[in-house]
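Take a look at the structure below.
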Amino acid sequence: MAKSTKSSQIVIEIDDMHKWYGQFHALKAINLEVKQGERIVICGPSGSGKSTLIRCINRLEVHQSGRITINDTELSGDLKKLETIRSDVGMVFQSFNLFPHLTVLENCTLAPIWVRKLPKHEAEDLALEYLTRVKIPEQANKYPGQLSGGQQQRVAIARALCMQPKIMLFDEPTSALDPEMIKEVLDVMIELAETGMTMLVVTHEMGFANKVADRVIFMDEGEIIEQNEPNTFFTKPSNKRTKLFLSQILNH
Amino acid sequence: MLLQVIVIAAVFGSFGWLISNLVTNFAALNKNFGFDFLFQPAGYDINQRLIEYTNRSTHIRAAVVGLLNTALVAIVGIVLATILGVILGIIRLSNNWLARNVAYWYIEFSRNVPILLHILLWHGIIINTMPHPKKAIAVGDFLFLSNRGLYLPQPIAEVGIAALYLAIVAAFAFVFFFSRYAKKLQSETGRQLPVSMINFIVLISLPLLAFLASGSPVSLDLPALKGFNFRGGMHLMPEFVALTFALSIYTAAFIAEIVRAGILAIHKGQKEAAEALGLRPKRVMSLVILPQARRVIIPPLTSQYLNLTKNSSLAIAIGYMDLVATLGGITLNQTGREIETMLLVMGIYLIISLSISVAMNWYNSSVKLVDR
Amino acid sequence: MDTKKHYAPGSHPDLPPPPGTIGIVGWLYKNLFSSVGNSILSVVTILFLYWLVTASAGWFVLDAVVDASSRKECKATNSGACWAVIFKRIGQFVYGFYPQEERWRPDTAFIFLIVAVAPLLYPNLPFRRQLFWFSAVYPAVAYFLICGGIFGLPEVGTNKFGGFMLTMIVGVTGIGASLPIGIALALGRQSRLLSVRVISIAFIEFMRGVPLITLLFVASTMLNYFLPPGTTFNLLLRVLIMVTFFASAYIAEVIRGGIQAIPKGQYEAAAAMGLNYWQTTMLVTLPQAMKISIPGIVNTFIGLYKDTTLVVVIGLLDPLGIGRAALADAKWNGLSTETYLFVALFFFVSCFAMSRYSLWLEHRLNTEHK
């Protein structure tokens, strides 16, 4: 697909960021710049810190040294600023995390009503718009427990989009899905990418990376080992660890 | 089919054998079975009662007094235990290591000591360590703690009290309508008003203003030391205080664990998803965590309420006149009607237990998460 | 200005975390002083604990009197707790009025109890199979040891039983005897035969709906009426019967939970092999259900163990009864706090130990059944 026309505005800037879990050095010297409209895929073996990295971006995990700046606001413990940052950064989880006691529609309208302070009908119109985009508007009044995995994940994407974020984070969105449902979710993500959304996706779906990504980042043992545009990344990886990883996942 | 017949025959057979023994034994002892003793005068006094009763009232009335006393202890105990238990449960979840562990040890000490011991300890402390009324622990001129119990001022309504009652009703009405209005406002325009704070302020200040404006039409009958004891005021007997305290503290420990387990049972991802959407911690709790935790907490919580009610039957150990102590205690001893009184007492407790069970099952199915 | 060292990708060493985030300082910060509110709470709690310890250390230990022969003497010696009442009567607290020279018998029975119960509670014990045989004969052994009357052991009347020994007897017998009845009730509750189901449910709901004390009253006042004229049961035996019935209802519910936790596939596999109801139950359902239910059974036992204190109300001399007897003595009148605290401490230590065991076991079982 056509690579997006990126404006040169930097939306995420990570400067020499380190994170420890107790004594364990989980993320080492992370330096990353993400421009608006960029689509980035992060891959690597399990334990490499890729989930930890994107969870640091919306402060679900806290970094101990270095700086993370989102939309020119530095990430810190300040609750007010955090609320603003989290409103502009959406996240989709591996285990969907839909609220089981609310209907699909209520799941989507919860944050717009309580954070963006929208009136109820406006929030519902917004929710239906995004539910249509993810192609399940008819499920609006069902409960998450009544939907399939693929449907639930699409609702999760719609729920995140209802806050109209500037950045979307995906933490292994298809890893918990049955194979026949992966495609419907990936299709939604591809369509989202085509609208110019800034996306960081942690995934093993290399086909998706090839199709959509502007950059593929390989992480191992808490460090960013290599990053490149997909073509070069997959055909001419320069680091031997990258080569090893690619050989393991591309051959099954 | 044959098996069923055998089972039924066996059960009825055993019952029949038991009853026939009963009849034989009764005949030999010249006893009979009947409930007419209930309408005889009871002949004993009950020192703490909520309704009129003298020693010439019937045994039935004594039983009712006992039942009301049981209800009083149970309700007060349940309220106190819930408040204390929820607070403790939340402290157990705090990220302050000291608070968490102090709560932990407090809960472990309360849980692992039998309830009867709690009751006896508290009763013993009040009787033996609290001072004589002449030297009672006093808070100002209106609260006295002695080994005869707790004395509080008794509020007496005077002329002009109507304004206060009106204000209280008005305050509740305001809270009700304002909450509805605020919800509607948010629904239509998205604006959020500080509902809880405004409600709280109104509930406190409106009655207070009315009270002051109408010349403080409530006088307090203060307890005053006359001779060896206090007269006047409201008197909470040591038995009641000890029993309620003990039951509340014991049950609160179990409730704390239930609350804690309930909140922990909610998957961590729910909290993370809510936070990722930008919701503040208070809203995460009230909109996402607590509604789900409620479902997990209510069934075992109701069990604890039932246990508290059944445990109140230990009142007899310290002389508090609950249902077991009146009907199953003094009435039983005086009339010798062991079987009838015990049947009645057990029957009443059974009715209470079963109705609470039924209510809980109904609630449980009405809030079940909708599944495929 | 770039003062950072640059490492080649993949070669960054593991650095230690910045000081102040780990170690003592880090721990203090995170756990006690992470915010203004938290800091105030921590300080207040520390002050409160300090006050608590200093105020009670005096009464409990420093000013306490351990050897005296009456309350007056205690008060004359020091102002703290008068533990002398406990020490003077420790024998009674443990054995009740069991004759002193025969006390080795309950002691032996207790040790045998630990041996008998160990294979049930510790799944990985060596010689487990052999020990199970001992568990099976233990009830008879214990009965003869404690009550006597054969093998040259003088008989000791049950009215002499008391103290912690009585607590153990009522608790262990109650749970032990209630297990088979509880299993029967649990199976009965699931039965396809309506009459069996109704009877089981009625019994369980009845026992769970009434307070234990009413059942104890029944045992003490009227159980005799339902037995053929002339039979006399001693009080302890009547209490044991009622306690057993009471416990069996709770055990039944625990086992029902265990049965329900068995995956449906087990029944399907058994049916596919051609096993009938009884074979399935004995060979497949019950062994698994019992294993899953052990933590619940231990918890029910802990509850029953605490409930044994109620027998004081009908005149049996459990530790509370012994305590009250001591208090009734004019020499020790008024020392209720000391006696009750002592009994409370005993129960706290034993119940706490048992519930830790139960937690360990539950954790063990959860990690096995992945």
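The values are calculated or read from the model by the stated rules, or taken from the named source; none is laboratory data. The structure presented is a predicted model; accordingly, all values stated were derived computationally and were not measured. Note that we place each Cβ from the backbone using ideal geometry, even for glycine, and neighbour counts take in every protein chain shown.
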> Which residues, counting only those in segment A:158-188, are outside any loop (DSSP other than H, G, I, E, B) and in contact with a Pro (Cβ under 8 Å, 6 or more places away or on another chain)?
Replying inline: A:Val185
>> Looking only at segment B:257-296, count every residue that is away from chain A (no Cβ under 14 Å), of a type in the set (A, V, I, L, M) and surrounded by 16 or more Cβ atoms within 10 Å (Cβ to Cβ) and tell me the total.
In response: 3
>> Tell me the residue from A:Met181, A:Met197, A:Met219 that is buried (at least 18 other Cβ atoms within 10 Å of the Cβ), modelled with pLDDT of 90 or more and closer than 20 Å to A:Asn31 by Cα, please.
In response: A:Met219
> From the set of residues in segment A:218-245 that are within 11 Å of chain C (Cβ to nearest Cβ) and assigned to a strand (DSSP E or B), which is farthest from A:Glu33 (Cα to Cα)?
Replying inline: A:Asp220
> If we scan segment A:43-62, do we find a residue that is of a type in the set (S, T, N, Q), more than 15 Å from the chain's Cα centre (by Cα) and crowded, with 21+ Cβ neighbours inside 10 Å?
Replying inline: yes
> Among C:Leu320, C:Leu304, which is the only one that is within 10 Å of another protein chain (Cβ to nearest Cβ) and not polar (S, T, N, Q)?
Replying inline: C:Leu320
> Somewhere in segment C:7-24, is a residue surrounded by 11 or more Cβ atoms within 10 Å (Cβ to Cβ), without any contact (Cβ under 8 Å) to a residue 12 or more places away in the chain and assigned to a helix (DSSP H, G or I)?
Replying inline: yes
> Quick check: is even one residue across segment A:46-58 closer than 18 Å to A:Ala160 by Cα, in contact with a strand residue (DSSP E or B) (Cβ under 8 Å, 6 or more places away or on another chain), within 10 Å of another protein chain (Cβ to nearest Cβ) and in a loop (DSSP other than H, G, I, E, B)?
Replying inline: yes
> If only one of C:Val196, C:Val170 is closer than 26 Å to C:Ala326 by Cβ, within 14 Å of another protein chain (Cβ to nearest Cβ) and part of a helix (DSSP H, G or I), which one is it?
Replying inline: C:Val170
> If you go through segment C:115-131 one residue at a time, do you hit one that is over 18 Å from the mean Cα position of the chain (by Cα), farther than 26 Å from C:Arg356 by Cβ, surrounded by fewer than 18 Cβ atoms within 10 Å (Cβ to Cβ) and at pLDDT below 85?
Replying inline: yes
> Which of the residues that make up segment C:228-255 are in contact with a Phe, Trp or Tyr (Cβ under 7 Å, 6 or more places away or on another chain) and over 25 Å from B:Ser312 (Cβ atoms)?
Replying inline: C:Leu236
> Which numbered condition trips up C:Gly163, out of (1) at negative phi; (2) in contact with a Pro (Cβ under 9 Å, 6 or more places away or on another chain); (3) of a type outside the set (A, V, I, L, M, F, W, C)?
Replying inline: (1)
>> Condition first: under 18 Å from C:Phe342 (Cα atoms), among the small types (Gly, Ala, Ser) and modelled with pLDDT under 80. Now tell me which residues in segment C:23-68 satisfy that.
In response: C:Gly58, C:Ala64, C:Ala68
> Among C:Phe127, C:Phe132, C:Phe97, C:Phe93, which is the only one that is free of Cβ contacts under 8 Å to residues at least 40 places away in the same chain and more than 24 Å from C:Gly296 (Cα to Cα)?
Replying inline: C:Phe127
>> Can you tell me which of (1) at pLDDT 90 or above; (2) of a type in the set (Lys, Arg); (3) surrounded by fewer than 22 Cβ atoms within 10 Å (Cβ to Cβ) is the one A:Lys19 doesn't meet?
In response: (3)
>> Return the residues of segment A:143-187 that are among the basic types (Lys, Arg) and over 29 Å from A:Glu83 (Cα atoms); say none if nothing qualifies.
In response: A:Lys183
>> I'd like the full set of residues that are β-branched (Val, Ile, Thr) and part of a loop (DSSP other than H, G, I, E, B), limited to segment C:248-291.
In response: C:Ile262
>> For segment C:135-158: of the residues being under 22 Å from the mean Cα position of the chain (by Cα) and without any contact (Cβ under 8 Å) to a residue 12 or more places away in the chain, which is surrounded by the fewest Cβ atoms within 10 Å (Cβ to Cβ)?
In response: C:Ala136
> So how many residues does segment B:37-61 have that are over 10 Å from B:Arg337 (Cβ atoms) and outside any loop (DSSP other than H, G, I, E, B)?
Replying inline: 5
>> Need the failing condition index for C:Ser191 against (1) in the same structural domain as C:Thr232 (by TED's automatic domain parsing); (2) assigned to a helix (DSSP H, G or I), just the number.
In response: (2)
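Going through segment B:188-211 one residue at a time, which ones are within 14 Å of chain A (Cβ to nearest Cβ), surrounded by 14 or more Cβ atoms within 10 Å (Cβ to Cβ) and either assigned to a helix (DSSP H, G or I) or β-branched (Val, Ile, Thr) (or both)?
B:Val195
A quick yes/no check of all residues on (1) surrounded by 16 or more Cβ atoms within 10 Å (Cβ to Cβ); (2) under 20 Å from B:Leu247 (Cα atoms); (3) in contact with a strand residue (DSSP E or B) (Cβ under 9 Å, 6 or more places away or on another chain); (4) of a type in the set (A, V, I, L, M):
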site	(1), (2), (3), (4)
B:Gly85	yes, yes, no, no
B:Ile91	yes, no, no, yes
B:Asn95	no, no, no, no
B:Ala99	yes, no, no, yes
B:Ala103	yes, yes, no, yes
B:Glu108	yes, yes, no, no
>> When the residues of segment A:59-98 are narrowed to those that are part of a loop (DSSP other than H, G, I, E, B) and acidic (Asp, Glu), which ends up nearest to A:Thr203 (Cα to Cα)?
In response: A:Glu61
>> Which of the numbered conditions does B:Ser355 fail, given that it passes all the others? Conditions: (1) loosely packed, with under 14 Cβ neighbours inside 10 Å; (2) under 30 Å from A:Leu98 (Cα atoms).
In response: (2)
>> I'd like the full set of residues that are surrounded by fewer than 17 Cβ atoms within 10 Å (Cβ to Cβ) and modelled with pLDDT of 90 or more, limited to segment A:67-82.
In response: A:Arg67, A:Thr69
> Looking only at segment C:302-334, which residues are more than 18 Å from C:Tyr95 (Cβ to Cβ) and of a type in the set (A, V, I, L, M, F, W, C)?
Replying inline: C:Ile302, C:Leu304, C:Leu310, C:Val313, C:Ile314, C:Leu327, C:Ala328, C:Ala330, C:Trp332
